[in-house]
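Note sheet for the following structure.
The values are calculated or read from the model by the stated rules, or taken from the named source; none is laboratory data. Keep in mind that this is a model prediction, so the values were computed, not measured. A quick note on method: Cβ atoms are made from the backbone with ideal geometry, for glycine too, and the neighbour counts reach across all protein chains shown.
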Amino acid sequence: MGVFELTNRVIYFKARPKGMPDESNFEIREENLPVLNEGDVLIRSLYLSVDPYMRGRMSDAKSYAEPYKVGEPFKGGIVGKIIESKNDRFQEGQYVEGILNWAEYNVTDGKGVRKINPEWGPVATALHVLGMPGLTGYFGLMYIGQPKEGETVVVSGASGAVGTVVGQIAKLKGCRVVGIAGGDDKCAFLTDELGFDAAINYKTTENLRQALKEVCPNGVDVYFDNVGGAVSDAVMSRINFQSRTIICGQISQYNLEKPELGPRVAGQLLTTSSLMKGFIVSDYAEHNKEAIIQLSQWVREGKIQYRENVVEGFENTVEAFLGLFRGDNIGKQLVKVAEE
């Protein structure tokens, strides 16, 4: 049987969610693979990435990325293997990564698809520590946070794919690192395995401001914000003179139908001469090579550890995505579609 006789399962975006998304917002369809034209490649998906930013693209509100279109295939980061190539840039058997349809197979002209060097690490790491989340953590901390030895760095959403990288880089730079996460098991992972100096379970801590005062006795110099909301309000009450706050994500707010009214922080930023800056990873794309080389070196040397929460089976992709908002994952949430 030829590859073009295979049935391809594709996940479509069926409807925009109101509040928390659920399985009714998606639909799995079976389709025939299209014929390859000159310049095309056929990619078999091995791993799919599910990421918090996707929730923002499910809304039609104006943002940094174009919203997903209802009735079209859902897209995300995919690591796959070239099954057939009519493109001189790619050969059969090569591993690649790119933003592609959530599907078992993709046919593409190769634009936006990059080859993966398996010598730098397991291919799945191209979707986290050696991919977009790792780059996000590296650029946000190093280019905006600019951590200095002896400073205190606080990371919210610390047990996720971005937060784990941020905290470990901060430790490599000689900082005191405090993570905020939602679970005792996640906090133990941060301190016992990744070397964070302290961790706070925001779900069971009655007074987050007091807890931060205890673990950050010298205040907060750098805050890497992945969650927003009440957690960030508490951290902002502890910022030092000339502190730097990096706005990377606001996952606590993504499923709210109406935004929360929180403290106004402009006065704190003014009186402490502090910086608060939002960013997206593509802002620093010209430095991608530098970051990947450094991250891969740290991974090979064992200076950066990572954990993957792997959900087996293409049919479980939507459930894996929804699990992000329940806090199911420690480390990077992945879906394994096929064996390497």
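Out of all the residues in the range 304-315, which are out of contact with any Gly (no Cβ under 7 Å at 6 or more places or on another chain) and either of a type outside the set (D, E, K, R) or in the same structural domain as residue 169 (by TED's automatic domain parsing) (or both)? Walk me through how you get there before you give the answer.
Applying the first criterion (out of contact with any Gly (no Cβ under 7 Å at 6 or more places or on another chain)) to the range 304-315 yields 304-305, 310-315.
Correct list: 304, 305, 310, 311, 313, 314.
The residue pairs whose first member lies in the range 195-216 and is among the hydroxyl-bearing types (Ser, Thr, Tyr), whose second member is part of a loop (DSSP other than H, G, I, E, B), and whose beta carbons are closer than 8 Å, counting only pairs six or more residues apart or on different chains, are 202/182.
Run down 289, 332, 303, 277 and say which single residue is over 25 Å from residue 209 (Cα atoms) and part of a strand (DSSP E or B). Quick ask: steps written out before the conclusion?
Working: 289 fails: part of a strand (DSSP E or B); 303 fails: part of a strand (DSSP E or B); 277 fails: over 25 Å from residue 209 (Cα atoms).
So the residue among 289, 332, 303, 277 that is over 25 Å from residue 209 (Cα atoms) and part of a strand (DSSP E or B) is 332.
When the criteria are applied in full, residue 208 meets the requirement of being closer than 29 Å to residue 21 by Cα, modelled with pLDDT of 95 or more, hydrophobic (A, V, I, L, M, F, W, C) and out of contact with any Asp or Glu (no Cβ under 8 Å at 6 or more places or on another chain).
Condition check ((1) closer than 30 Å to residue 30 by Cβ; (2) touching a strand residue (DSSP E or B) at 6+ places or on another chain (Cβ under 6 Å)) across all residues:
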| residue | (1), (2) |
| --- | --- |
| 262 | no, no |
| 265 | no, no |
| 271 | no, no |
| 285 | no, no |
| 293 | no, no |
| 296 | no, no |
| 299 | no, no |
| 307 | no, yes |
| 312 | yes, yes |
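In contact with a Cys (Cβ under 8 Å, 6 or more places away or on another chain) and surrounded by 13 or more Cβ atoms within 10 Å (Cβ to Cβ): does that describe residue 279? So that I can check it myself, show each step before the final result.
Values: in contact with a Cys (Cβ under 8 Å, 6 or more places away or on another chain): yes; surrounded by 13 or more Cβ atoms within 10 Å (Cβ to Cβ): yes.
When the stated conditions are applied, residue 279 passes them.
Checking the condition within 27 Å of residue 325 (Cβ to Cβ) and either within 20 Å of the chain's Cα centre (by Cα) or not in a helix (DSSP H, G or I) (or both), which residue from 231, 235 passes? 231 is the lone residue from the list that is within 27 Å of residue 325 (Cβ to Cβ) and either within 20 Å of the chain's Cα centre (by Cα) or not in a helix (DSSP H, G or I) (or both).
Confirm whether residue 180 is in contact (Cβ under 8 Å) with a residue 24 or more places away in the chain, over 16 Å from residue 129 (Cα atoms) and surrounded by 18 or more Cβ atoms within 10 Å (Cβ to Cβ). Reasoning before the result, please.
Values: in contact (Cβ under 8 Å) with a residue 24 or more places away in the chain: yes; over 16 Å from residue 129 (Cα atoms): yes; surrounded by 18 or more Cβ atoms within 10 Å (Cβ to Cβ): yes.
Considered against the rule, which asks whether it is in contact (Cβ under 8 Å) with a residue 24 or more places away in the chain, over 16 Å from residue 129 (Cα atoms) and surrounded by 18 or more Cβ atoms within 10 Å (Cβ to Cβ), residue 180 comes out as yes.
In the range 1-54, which residue that is surrounded by fewer than 18 Cβ atoms within 10 Å (Cβ to Cβ) and assigned to a helix (DSSP H, G or I) is nearest to the chain's Cα centre (by Cα)? The selected residue is 23.
Close Cβ contacts (under 6 Å, 6 or more residues apart or on different chains) running from residues in the range 234-252 that are not assigned by TED's automatic domain parsing to the domain that holds residue 214 to residues that are crowded, with 19+ Cβ neighbours inside 10 Å are absent.
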